[in-house]
Amino acid sequence: MADRPGPVGVVYLDVNGLKDINDQRGHAVGDKVLVECARQMREAFEQADYYRIGGDEFVILCYGVDRAAFDRRVQALRRCFAANPRCKAAIGAQWNARFTDLQQTIARADAMMYEDKKAFYRQHPTSNRYRHHSDEVIRLSDPAVLQEEIRQQRFVVYLQPKVSSSDRAAVGAEALIRYQPRAGSLILPGNFLPLLEESQTISQLDFYVFEYACSQIKEWVGQGKQALPVSVNFSRCSLSQPDFVARLSELCVKYGVDKKYLGIELTETARESDGVDLKALIHELRQAGFTVSIDDFGTEYANLSLLSTIEFDVLKLDKSLVDDVAHNAKARTVVETIVGICKKMDIQVVAEGIETEEQLAVLRACGVELAQGFLFSKPIPIGEYEKKYL
Ligand code: C2E
Ligand code: MG
Ligand code: MG
(Lines give C-alpha, C1' and ligand atoms only; values in the text may rest on other atoms or scores of the structure.)
(Ligands and ions follow the chains in the order given, each with its own letter.)
Protein backbone atom coordinates (compact mmCIF):
# COMPACT_ATOMS: atom_id res chain seq x y z
CA MET A 1 0.00 0.00 0.00
CA ALA A 2 2.35 2.72 -1.18
CA ASP A 3 1.31 6.30 -0.62
CA ARG A 4 -0.92 7.58 -3.37
CA PRO A 5 -2.19 11.05 -4.06
CA GLY A 6 -5.88 11.89 -4.02
CA PRO A 7 -8.91 10.59 -2.17
CA VAL A 8 -9.59 7.13 -0.80
CA GLY A 9 -12.80 5.35 0.11
CA VAL A 10 -12.71 2.57 2.68
CA VAL A 11 -15.32 -0.11 3.23
CA TYR A 12 -15.13 -2.28 6.34
CA LEU A 13 -17.27 -5.37 6.10
CA ASP A 14 -18.03 -8.06 8.64
CA VAL A 15 -20.00 -11.14 7.65
CA ASN A 16 -23.01 -11.62 9.94
CA GLY A 17 -23.31 -14.96 11.70
CA LEU A 18 -20.42 -16.79 10.02
CA LYS A 19 -19.62 -18.59 13.24
CA ASP A 20 -23.21 -19.86 13.48
CA ILE A 21 -23.07 -21.02 9.88
CA ASN A 22 -19.79 -22.89 10.46
CA ASP A 23 -21.11 -24.44 13.68
CA GLN A 24 -24.51 -25.42 12.42
CA ARG A 25 -24.04 -26.12 8.73
CA GLY A 26 -20.38 -26.96 8.44
CA HIS A 27 -17.25 -25.21 7.18
CA ALA A 28 -17.91 -26.05 3.55
CA VAL A 29 -21.08 -23.94 3.69
CA GLY A 30 -19.18 -21.22 5.59
CA ASP A 31 -16.53 -21.17 2.84
CA LYS A 32 -19.23 -20.77 0.21
CA VAL A 33 -20.63 -17.78 2.10
CA LEU A 34 -17.16 -16.18 2.07
CA VAL A 35 -16.78 -16.77 -1.66
CA GLU A 36 -20.20 -15.26 -2.22
CA CYS A 37 -19.23 -12.26 -0.12
CA ALA A 38 -16.11 -11.70 -2.19
CA ARG A 39 -18.15 -11.95 -5.37
CA GLN A 40 -20.60 -9.30 -4.17
CA MET A 41 -17.80 -6.97 -3.15
CA ARG A 42 -16.20 -7.28 -6.57
CA GLU A 43 -19.53 -6.67 -8.25
CA ALA A 44 -20.14 -3.41 -6.38
CA PHE A 45 -16.50 -2.24 -6.47
CA GLU A 46 -14.94 -3.24 -9.76
CA GLN A 47 -11.77 -1.20 -9.43
CA ALA A 48 -10.44 -1.59 -5.90
CA ASP A 49 -8.09 -3.50 -3.61
CA TYR A 50 -9.66 -6.14 -1.41
CA TYR A 51 -8.17 -7.49 1.82
CA ARG A 52 -9.37 -10.27 4.04
CA ILE A 53 -8.15 -9.09 7.42
CA GLY A 54 -9.83 -11.64 9.70
CA GLY A 55 -11.90 -14.80 9.49
CA ASP A 56 -15.03 -12.88 8.58
CA GLU A 57 -13.75 -9.34 8.01
CA PHE A 58 -12.87 -7.63 4.77
CA VAL A 59 -11.57 -4.20 3.83
CA ILE A 60 -12.01 -2.62 0.41
CA LEU A 61 -9.79 0.31 -0.59
CA CYS A 62 -11.03 2.38 -3.46
CA TYR A 63 -8.61 4.97 -4.82
CA GLY A 64 -9.15 8.28 -6.62
CA VAL A 65 -12.92 8.09 -6.45
CA ASP A 66 -15.03 11.13 -5.59
CA ARG A 67 -17.36 11.00 -2.62
CA ALA A 68 -20.63 10.76 -4.57
CA ALA A 69 -19.41 7.88 -6.69
CA PHE A 70 -18.07 6.10 -3.61
CA ASP A 71 -21.39 6.54 -1.76
CA ARG A 72 -23.27 5.13 -4.74
CA ARG A 73 -21.10 2.02 -4.74
CA VAL A 74 -21.52 1.55 -1.01
CA GLN A 75 -25.29 1.76 -1.42
CA ALA A 76 -25.12 -0.77 -4.24
CA LEU A 77 -23.10 -3.06 -1.97
CA ARG A 78 -25.64 -2.71 0.86
CA ARG A 79 -28.47 -3.49 -1.54
CA CYS A 80 -26.60 -6.52 -2.82
CA PHE A 81 -26.19 -7.95 0.66
CA ALA A 82 -29.72 -7.08 1.72
CA ALA A 83 -31.17 -8.83 -1.29
CA ASN A 84 -29.05 -11.95 -0.88
CA PRO A 85 -30.62 -14.39 1.57
CA ARG A 86 -27.48 -16.53 1.67
CA CYS A 87 -25.03 -14.00 2.98
CA LYS A 88 -25.41 -10.92 5.16
CA ALA A 89 -22.87 -8.44 6.41
CA ALA A 90 -22.48 -5.37 8.59
CA ILE A 91 -20.93 -2.57 6.56
CA GLY A 92 -19.13 0.62 7.52
CA ALA A 93 -17.83 3.09 4.97
CA GLN A 94 -15.69 6.18 5.12
CA TRP A 95 -14.36 8.45 2.40
CA ASN A 96 -11.40 10.75 2.84
CA ALA A 97 -10.02 13.41 0.51
CA ARG A 98 -6.46 12.53 1.56
CA PHE A 99 -4.87 9.13 1.27
CA THR A 100 -2.33 10.01 3.97
CA ASP A 101 -4.89 9.52 6.74
CA LEU A 102 -5.55 5.94 5.67
CA GLN A 103 -5.20 4.24 9.09
CA GLN A 104 -7.59 6.74 10.63
CA THR A 105 -10.04 6.33 7.75
CA ILE A 106 -10.00 2.55 8.19
CA ALA A 107 -10.55 2.93 11.95
CA ARG A 108 -13.58 5.13 11.32
CA ALA A 109 -15.01 2.70 8.78
CA ASP A 110 -14.51 -0.07 11.36
CA ALA A 111 -16.36 1.95 14.02
CA MET A 112 -19.27 2.48 11.63
CA MET A 113 -19.38 -1.18 10.74
CA TYR A 114 -19.65 -1.88 14.46
CA GLU A 115 -22.56 0.56 14.82
CA ASP A 116 -24.25 -1.18 11.92
CA LYS A 117 -23.79 -4.52 13.67
CA LYS A 118 -25.05 -3.20 17.00
CA ALA A 119 -28.12 -1.67 15.39
CA PHE A 120 -28.88 -5.09 14.01
CA TYR A 121 -28.40 -6.94 17.28
CA ARG A 122 -30.41 -4.33 19.20
CA GLN A 123 -33.35 -5.28 17.04
CA HIS A 124 -32.60 -8.99 17.38
CA PRO A 125 -31.21 -9.35 20.89
CA THR A 126 -31.10 -13.09 21.12
CA SER A 127 -30.42 -14.41 17.68
CA ASN A 128 -29.27 -13.54 14.23
CA ARG A 129 -31.22 -12.75 11.13
CA TYR A 130 -30.91 -16.20 9.60
CA ARG A 131 -33.13 -17.71 12.22
CA HIS A 132 -35.54 -14.80 12.43
CA HIS A 133 -36.17 -13.48 8.97
CA SER A 134 -38.65 -15.61 7.20
CA ASP A 135 -38.45 -15.82 3.43
CA GLU A 136 -41.55 -13.70 3.18
CA VAL A 137 -39.77 -10.88 4.98
CA ILE A 138 -36.48 -11.25 3.12
CA ARG A 139 -38.32 -10.72 -0.19
CA LEU A 140 -39.11 -7.18 0.92
CA SER A 141 -35.52 -6.07 0.44
CA ASP A 142 -36.29 -6.01 -3.29
CA PRO A 143 -37.73 -2.51 -3.92
CA ALA A 144 -40.10 -3.83 -6.60
CA VAL A 145 -41.54 -6.46 -4.27
CA LEU A 146 -41.91 -3.92 -1.49
CA GLN A 147 -43.72 -1.52 -3.79
CA GLU A 148 -46.09 -4.24 -4.94
CA GLU A 149 -46.83 -5.31 -1.36
CA ILE A 150 -47.59 -1.69 -0.46
CA ARG A 151 -49.84 -1.37 -3.50
CA GLN A 152 -51.66 -4.56 -2.53
CA GLN A 153 -52.29 -2.95 0.87
CA ARG A 154 -50.42 -5.68 2.70
CA PHE A 155 -48.94 -3.03 4.96
CA VAL A 156 -51.50 -1.94 7.51
CA VAL A 157 -51.34 1.23 9.57
CA TYR A 158 -52.34 0.84 13.23
CA LEU A 159 -52.87 3.73 15.60
CA GLN A 160 -51.93 3.94 19.25
CA PRO A 161 -53.55 6.81 21.17
CA LYS A 162 -51.58 9.34 23.16
CA VAL A 163 -53.58 10.49 26.15
CA SER A 164 -53.53 13.22 28.75
CA SER A 165 -52.03 11.73 31.91
CA SER A 166 -54.59 13.47 34.12
CA ASP A 167 -57.95 12.55 32.55
CA ARG A 168 -56.85 9.92 29.96
CA ALA A 169 -58.57 11.80 27.14
CA ALA A 170 -56.98 11.07 23.75
CA VAL A 171 -54.96 13.97 22.37
CA GLY A 172 -53.57 12.27 19.26
CA ALA A 173 -52.14 9.01 17.97
CA GLU A 174 -48.97 7.45 16.65
CA ALA A 175 -49.08 5.55 13.36
CA LEU A 176 -47.36 2.15 13.62
CA ILE A 177 -46.92 -0.08 10.61
CA ARG A 178 -47.63 -3.82 10.44
CA TYR A 179 -47.08 -6.27 7.60
CA GLN A 180 -49.81 -8.73 6.71
CA PRO A 181 -48.43 -11.04 4.01
CA ARG A 182 -51.56 -13.19 4.22
CA ALA A 183 -54.74 -13.38 6.27
CA GLY A 184 -54.12 -14.31 9.86
CA SER A 185 -50.49 -13.25 9.97
CA LEU A 186 -49.48 -9.87 11.33
CA ILE A 187 -45.75 -9.12 11.40
CA LEU A 188 -44.46 -6.40 13.74
CA PRO A 189 -42.00 -3.76 12.51
CA GLY A 190 -39.07 -5.13 14.54
CA ASN A 191 -39.05 -8.08 12.15
CA PHE A 192 -38.83 -6.20 8.87
CA LEU A 193 -37.64 -2.63 9.52
CA PRO A 194 -33.95 -3.52 10.04
CA LEU A 195 -33.93 -5.29 6.69
CA LEU A 196 -35.66 -2.39 4.91
CA GLU A 197 -33.24 0.02 6.54
CA GLU A 198 -30.27 -2.00 5.42
CA SER A 199 -31.55 -2.29 1.88
CA GLN A 200 -32.34 1.45 1.92
CA THR A 201 -35.93 0.86 0.86
CA ILE A 202 -37.61 1.97 4.08
CA SER A 203 -38.47 5.44 2.79
CA GLN A 204 -41.08 3.96 0.41
CA LEU A 205 -42.89 2.64 3.43
CA ASP A 206 -42.44 5.78 5.55
CA PHE A 207 -43.92 7.98 2.83
CA TYR A 208 -46.76 5.51 2.39
CA VAL A 209 -47.64 5.70 6.10
CA PHE A 210 -47.46 9.49 5.98
CA GLU A 211 -49.73 9.66 2.95
CA TYR A 212 -52.12 7.23 4.60
CA ALA A 213 -52.25 9.45 7.69
CA CYS A 214 -53.03 12.46 5.46
CA SER A 215 -55.88 10.63 3.76
CA GLN A 216 -57.34 9.54 7.12
CA ILE A 217 -57.23 13.05 8.54
CA LYS A 218 -58.89 14.40 5.41
CA GLU A 219 -61.66 11.84 5.86
CA TRP A 220 -62.15 12.68 9.55
CA VAL A 221 -62.31 16.40 8.86
CA GLY A 222 -64.68 15.79 5.92
CA GLN A 223 -66.98 13.69 8.11
CA GLY A 224 -67.06 16.41 10.74
CA LYS A 225 -65.30 14.16 13.24
CA GLN A 226 -62.99 15.61 15.83
CA ALA A 227 -59.68 15.06 14.01
CA LEU A 228 -56.78 14.40 16.35
CA PRO A 229 -53.19 14.73 15.17
CA VAL A 230 -51.29 11.66 13.97
CA SER A 231 -47.53 11.29 14.23
CA VAL A 232 -45.53 9.21 11.80
CA ASN A 233 -42.13 7.57 12.37
CA PHE A 234 -39.34 8.23 9.91
CA SER A 235 -36.12 6.26 9.70
CA ARG A 236 -32.83 8.07 9.39
CA CYS A 237 -32.49 6.71 5.91
CA SER A 238 -35.74 8.42 4.85
CA LEU A 239 -34.50 11.77 6.10
CA SER A 240 -31.71 11.78 3.54
CA GLN A 241 -34.18 11.50 0.65
CA PRO A 242 -33.94 14.53 -1.63
CA ASP A 243 -36.55 17.22 -0.95
CA PHE A 244 -37.79 15.36 2.11
CA VAL A 245 -39.67 18.28 3.65
CA ALA A 246 -41.04 19.50 0.31
CA ARG A 247 -42.45 16.04 -0.41
CA LEU A 248 -44.25 15.94 2.92
CA SER A 249 -45.63 19.43 2.32
CA GLU A 250 -46.86 18.42 -1.13
CA LEU A 251 -48.73 15.46 0.34
CA CYS A 252 -50.46 17.79 2.80
CA VAL A 253 -51.49 20.03 -0.08
CA LYS A 254 -52.67 17.03 -2.12
CA TYR A 255 -55.06 16.00 0.69
CA GLY A 256 -55.85 19.53 1.82
CA VAL A 257 -54.68 18.70 5.36
CA ASP A 258 -53.43 21.32 7.78
CA LYS A 259 -49.90 20.45 8.94
CA LYS A 260 -50.90 20.99 12.54
CA TYR A 261 -52.48 17.53 12.33
CA LEU A 262 -49.19 15.84 11.43
CA GLY A 263 -46.27 14.99 13.66
CA ILE A 264 -42.91 13.61 12.63
CA GLU A 265 -41.12 11.20 14.99
CA LEU A 266 -37.37 10.90 14.63
CA THR A 267 -34.76 9.07 16.66
CA GLU A 268 -31.50 10.61 17.57
CA THR A 269 -28.89 7.94 17.03
CA ALA A 270 -25.13 7.99 17.06
CA ARG A 271 -25.01 6.93 13.43
CA GLU A 272 -24.10 10.09 11.61
CA SER A 273 -22.80 8.25 8.57
CA ASP A 274 -25.84 9.14 6.48
CA GLY A 275 -24.83 12.77 6.16
CA VAL A 276 -28.15 14.12 7.47
CA ASP A 277 -27.86 17.45 9.27
CA LEU A 278 -30.52 16.69 11.85
CA LYS A 279 -30.58 20.19 13.31
CA ALA A 280 -31.15 21.85 9.93
CA LEU A 281 -33.73 19.28 8.91
CA ILE A 282 -35.76 19.66 12.10
CA HIS A 283 -35.63 23.42 11.69
CA GLU A 284 -36.95 23.10 8.15
CA LEU A 285 -39.75 20.73 9.25
CA ARG A 286 -40.87 23.13 11.97
CA GLN A 287 -40.69 26.12 9.66
CA ALA A 288 -42.97 24.22 7.32
CA GLY A 289 -45.46 23.77 10.18
CA PHE A 290 -44.89 20.15 11.28
CA THR A 291 -44.55 19.09 14.91
CA VAL A 292 -41.29 17.25 15.54
CA SER A 293 -40.85 14.60 18.24
CA ILE A 294 -37.60 13.03 19.35
CA ASP A 295 -38.41 9.36 19.87
CA ASP A 296 -36.90 6.79 22.23
CA PHE A 297 -35.18 9.27 24.51
CA GLY A 298 -33.52 7.36 27.34
CA THR A 299 -32.13 4.47 25.29
CA GLU A 300 -28.41 3.96 25.06
CA TYR A 301 -28.02 6.72 22.51
CA ALA A 302 -29.90 9.36 24.52
CA ASN A 303 -27.84 12.44 24.37
CA LEU A 304 -28.39 15.38 26.69
CA SER A 305 -26.62 17.75 24.33
CA LEU A 306 -29.59 17.23 22.04
CA LEU A 307 -31.62 19.43 24.35
CA SER A 308 -29.23 22.33 24.14
CA THR A 309 -28.40 22.10 20.45
CA ILE A 310 -31.64 21.25 18.64
CA GLU A 311 -35.04 22.93 18.85
CA PHE A 312 -37.95 20.53 18.66
CA ASP A 313 -41.51 20.17 20.02
CA VAL A 314 -41.92 16.84 21.80
CA LEU A 315 -39.60 14.52 23.70
CA LYS A 316 -40.71 10.89 23.96
CA LEU A 317 -39.34 9.13 27.02
CA ASP A 318 -38.44 5.60 26.08
CA LYS A 319 -40.12 2.59 27.63
CA SER A 320 -36.82 1.53 29.24
CA LEU A 321 -36.92 4.63 31.49
CA VAL A 322 -40.63 4.21 32.13
CA ASP A 323 -40.12 0.56 33.15
CA ASP A 324 -37.69 1.61 35.87
CA VAL A 325 -39.48 4.61 37.18
CA ALA A 326 -41.80 2.98 39.72
CA HIS A 327 -39.10 1.10 41.62
CA ASN A 328 -35.87 2.93 40.96
CA ALA A 329 -35.46 6.25 42.73
CA LYS A 330 -32.63 7.29 40.42
CA ALA A 331 -34.69 6.68 37.29
CA ARG A 332 -37.39 8.82 38.87
CA THR A 333 -34.91 11.63 39.51
CA VAL A 334 -33.72 11.42 35.91
CA VAL A 335 -37.29 11.66 34.61
CA GLU A 336 -38.16 14.53 36.96
CA THR A 337 -35.08 16.43 35.86
CA ILE A 338 -35.69 15.88 32.15
CA VAL A 339 -39.31 16.99 32.56
CA GLY A 340 -38.10 20.11 34.39
CA ILE A 341 -35.64 20.97 31.62
CA CYS A 342 -38.29 20.39 28.95
CA LYS A 343 -40.81 22.63 30.73
CA LYS A 344 -38.29 25.46 30.75
CA MET A 345 -37.65 24.92 27.06
CA ASP A 346 -41.31 24.64 26.11
CA ILE A 347 -40.92 21.02 25.01
CA GLN A 348 -43.80 18.61 25.64
CA VAL A 349 -42.95 15.26 27.21
CA VAL A 350 -44.70 12.01 26.29
CA ALA A 351 -43.93 8.89 28.34
CA GLU A 352 -44.02 5.75 26.18
CA GLY A 353 -44.75 2.15 27.06
CA ILE A 354 -46.74 2.73 30.25
CA GLU A 355 -48.20 -0.58 31.39
CA THR A 356 -49.18 -0.11 35.03
CA GLU A 357 -51.14 2.32 37.18
CA GLU A 358 -48.12 2.58 39.43
CA GLN A 359 -45.91 3.81 36.58
CA LEU A 360 -48.57 6.30 35.57
CA ALA A 361 -48.88 7.67 39.12
CA VAL A 362 -45.13 8.17 39.46
CA LEU A 363 -44.83 9.75 36.01
CA ARG A 364 -47.65 12.15 36.82
CA ALA A 365 -45.88 13.06 40.05
CA CYS A 366 -42.79 13.77 37.93
CA GLY A 367 -44.81 16.24 35.88
CA VAL A 368 -45.35 14.11 32.75
CA GLU A 369 -48.54 15.34 31.07
CA LEU A 370 -48.83 13.06 28.06
CA ALA A 371 -48.85 9.29 28.08
CA GLN A 372 -48.86 6.34 25.72
CA GLY A 373 -48.89 2.65 26.49
CA PHE A 374 -50.77 -0.60 26.78
CA LEU A 375 -52.34 0.67 30.03
CA PHE A 376 -54.53 2.90 27.84
CA SER A 377 -54.52 1.01 24.57
CA LYS A 378 -52.39 -1.17 22.35
CA PRO A 379 -51.93 -0.03 18.75
CA ILE A 380 -55.27 -0.80 17.08
CA PRO A 381 -56.71 -0.83 13.55
CA ILE A 382 -57.99 2.53 12.32
CA GLY A 383 -61.67 1.55 12.41
CA GLU A 384 -61.43 0.62 16.07
CA TYR A 385 -59.56 3.84 16.83
CA GLU A 386 -62.27 5.92 15.17
CA LYS A 387 -65.00 4.21 17.18
CA LYS A 388 -63.21 4.60 20.49
CA TYR A 389 -61.58 7.99 20.23
CA LEU A 390 -63.09 10.26 17.57
P1 C2E B 1 -41.72 3.54 18.55
O2 C2E B 1 -41.89 4.61 17.55
O3 C2E B 1 -40.97 3.88 19.78
O4 C2E B 1 -43.17 3.00 18.89
C5 C2E B 1 -43.57 2.49 20.11
C6 C2E B 1 -43.49 0.99 20.15
O7 C2E B 1 -43.73 0.56 21.47
C8 C2E B 1 -44.55 0.30 19.30
O9 C2E B 1 -44.01 -0.94 18.87
C10 C2E B 1 -45.65 0.05 20.31
O11 C2E B 1 -46.52 -1.01 19.95
C12 C2E B 1 -44.84 -0.32 21.51
N13 C2E B 1 -45.57 -0.04 22.75
C14 C2E B 1 -46.37 1.01 23.02
N15 C2E B 1 -46.85 0.93 24.28
C16 C2E B 1 -46.31 -0.18 24.82
C17 C2E B 1 -46.43 -0.82 26.12
O18 C2E B 1 -47.11 -0.35 27.02
N19 C2E B 1 -45.73 -1.98 26.29
C20 C2E B 1 -44.97 -2.51 25.31
N21 C2E B 1 -44.33 -3.65 25.59
N22 C2E B 1 -44.84 -1.94 24.10
C23 C2E B 1 -45.50 -0.80 23.87
P24 C2E B 1 -44.11 -1.43 17.36
O25 C2E B 1 -45.43 -1.05 16.77
O26 C2E B 1 -43.70 -2.85 17.33
O27 C2E B 1 -43.02 -0.53 16.65
C28 C2E B 1 -41.67 -0.65 16.97
C29 C2E B 1 -40.86 0.44 16.34
O30 C2E B 1 -40.88 0.33 14.94
C31 C2E B 1 -41.39 1.84 16.62
O32 C2E B 1 -40.97 2.28 17.90
C33 C2E B 1 -40.78 2.63 15.50
O34 C2E B 1 -39.45 2.97 15.82
C35 C2E B 1 -40.76 1.62 14.39
N36 C2E B 1 -41.86 1.89 13.45
C37 C2E B 1 -43.17 1.55 13.52
N38 C2E B 1 -43.83 1.98 12.43
C39 C2E B 1 -42.93 2.62 11.65
C40 C2E B 1 -42.99 3.29 10.37
O41 C2E B 1 -44.05 3.44 9.74
N42 C2E B 1 -41.83 3.80 9.89
C43 C2E B 1 -40.65 3.69 10.56
N44 C2E B 1 -39.55 4.20 10.01
N45 C2E B 1 -40.56 3.09 11.76
C46 C2E B 1 -41.68 2.56 12.29
MG1 MG C 1 -42.37 6.48 17.52
MG1 MG D 1 -40.32 5.15 20.92
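The values are calculated or read from the model by the stated rules, or taken from the named source; none is laboratory data. Since this is a predicted model, take the numbers as computed values, not measurements. Neighbour counts run over all protein chains shown; Cβ positions are idealised from the backbone, glycine included.
Side notes on the structure shown:
For every residue, the table says whether it meets (1) more than 11 Å from ligand 1 (Cβ to nearest atom); (2) of a type in the set (Gly, Ala, Ser); (3) within 30 Å of Met112 (Cβ to Cβ).
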| residue | (1), (2), (3) |
| --- | --- |
| Val156 | no, no, no |
| Asp167 | yes, no, no |
| Leu176 | no, no, yes |
| Ser185 | yes, yes, no |
| Leu205 | no, no, yes |
| Phe210 | no, no, yes |
| Ile217 | yes, no, no |
| Trp220 | yes, no, no |
| Gly224 | yes, yes, no |
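- Given (1) away from ligand 3 (no atom under 16 Å from the Cβ); (2) over 28 Å from Val163 (Cα atoms); (3) touching a helix residue (DSSP H, G or I) at 6+ places or on another chain (Cβ under 8 Å), number of the condition Pro242 does not satisfy: (3)
- Which numbered condition Lys378 misses (of (1) more than 12 Å from ligand 1 (Cβ to nearest atom); (2) of a type outside the set (Val, Ile, Thr); (3) touching a strand residue (DSSP E or B) at 6+ places or on another chain (Cβ under 8 Å)): (1)
- Cβ-Cβ under 7 Å pairs, at least 6 apart or on other chains, region 169-181 side more than 15 Å from Ile217 (Cβ to Cβ), far side at pLDDT below 95 and in a loop (DSSP other than H, G, I, E, B): Arg178/Leu186; Arg178/Leu188; Tyr179/Phe192; Gln180/Leu186
- Among the residues of region 141-189, those identified as under 30 Å from Leu363 (Cα atoms) and surrounded by fewer than 12 Cβ atoms within 10 Å (Cβ to Cβ) are Ser166, Asp167, Ala169.
- Contact map, region 5-21: first residue free of Cβ contacts under 8 Å to residues at least 40 places away in the same chain, second residue crowded, with 23+ Cβ neighbours inside 10 Å and assigned to a strand (DSSP E or B), Cβ cut-off under 7 Å, separation 6 or more or different chains; the map is empty.
- Scan of region 378-390 for residues that are crowded, with 18+ Cβ neighbours inside 10 Å and either more than 18 Å from Ala227 (Cβ to Cβ) or in contact with a Lys or Arg (Cβ under 7 Å, 6 or more places away or on another chain) (or both), ordered by number: Pro379
- Any hit, region 341-359, residues being free of Cβ contacts under 8 Å to residues at least 60 places away in the same chain, within 12 Å of ligand 3 (Cβ to nearest atom) and on the phi > 0 side of the Ramachandran plot: yes
- Contacts under 7 angstrom Cβ, first residue in region 30-56 being of a type in the set (Val, Ile, Thr), partner exposed (fewer than 15 other Cβ atoms within 10 Å of the Cβ), 6 or more apart: Val33/Arg86
- Elements of type helices (runs of 4 or more DSSP H) contained in region 274-390, each with 2 or more residues being at pLDDT below 95 and more than 16 Å from ligand 2 (Cβ to nearest atom): 278-288, 305-309, 319-325, 329-344
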